[in-house]
Amino acid sequence: MNHKTLNARRDLNLARRIDAAGVRIYIEEDDPEGSCVPPDGLLVYQRGGEADSSVFDFFGGTGVMMDLLITFNLPGFAISAFGLELPWTDEVTWLEDPRETGDRSDVYRFGRNVLEFDRSLVLNHSADVRLIRPRGSSIRGYLLGTAAEPVPDQFRHGTMIPAFVVVFDQFGNRHRSAISLWSDRSQSRLRHSGVKPKRGGLFDHPDPVFHQPGAEDDQNLGK
């Protein structure tokens with residue numbers, strides 16, 4: 001059995017376990033009319049440490065941050081939207097681009113004076129059908145969002161939570177990849193205080209081979 005087949009079977013088994021636990025989750029293999037595309041042409045990797053891809057308590061709901069590396073193994077790929085399937089919800093609202101909201105600081109924020117990330121380290125604004133990614137190129141950064149539903153009590157601090165990150169292409173096809181998110185239940189400051197922890201530089205210790213962009217990718221990644 002080859003590597004791709006093993007990965008596909010692992011993702012399918014994970015989805016079915018979540019569904020069997022009573023959480024509604026879309027499984028393309030069990031829906032002949034579905035439009036989910038196997039993720040072979042879109043490679044999604046988690047980067048950083050556990051805390052860089054985590055869920056946490058956020059004002060009665062859930063905060064989500066994921067440090068991802070996405071490599072495009074398909075020609076002419078454009079991201080139209082991102083999605084996330086958690087065991088308790090798939091309704092995630094991604095933080096808005098500060099340039100769209102008129103924020104002159106160029107910073108993504110979880111609430112006012114709570115947790116912030118420089119725009120250059122974030123992927124949220126990479127969802128733009130006008131940005132065509134050449135085959136073999138990669139982008140890296142954080143996906144940042146919130147969900148109205150809180151992290152269930154069953155996911156205690158330090159638990160690894162199975163989830164799926166979904167990348168929609170310009171044609172509406174869904175490319176879904178299995179990930180794991182660390183349950184950080186220690187972030188009481190994100191519910192009650194005004195502490196503003198600063199994120200370290202994402203590229204302080206870059207891996208020398210992870211990015212093979214074309215010229216257009218270099219120009220568009222920072223937009």
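What follows is calculated from the coordinates using simple rules that are stated; it is not laboratory data. As the structure is a prediction and not an experimental result, all values here were calculated from the model. Note that we place each Cβ from the backbone using ideal geometry, even for glycine, and neighbour counts take in every protein chain shown.
Placing +1 at every Lys and Arg Cβ and -1 at every Asp and Glu Cβ, with all other atoms neutral, what dipole size does the range 74-133 have around its Cα centre, in debye to the nearest 20? Walk me through the intermediate numbers first.
Values: 7 positive and 11 negative charges, 48 e Å.
About 220 debye.
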Using the per-residue mean of other Cβ atoms lying within 10 Å as a proxy for protection, in what order, highest first, do the peptides 157-167, 127-137 fall? 157-167, 127-137
For the residue pair Ser120 and Thr146, what label-to-label distance in nm results when each label sits 7 Å from Cα along the Cα-to-beta-carbon direction? 2.7 nm
Beyond 22 Å, what percent of the Cα pairs of the range 76-155 remain? 35 percent
Treating only the Cβ atoms of Lys and Arg (+1) and Asp and Glu (-1) as charged, compute the dipole magnitude of the range 78-192 about its Cα centre; round to the nearest 20 debye. 300 debye
I want to check the label-to-label distance for Thr93 and Val129. Put each point 7 Å from Cα in the C-beta direction and report it in nm to one decimal. 2.4 nm
Note down the nm distance, to one decimal, between modelled labels 7 Å out along Cα→Cβ at Val107 and at Glu50. 2.8 nm
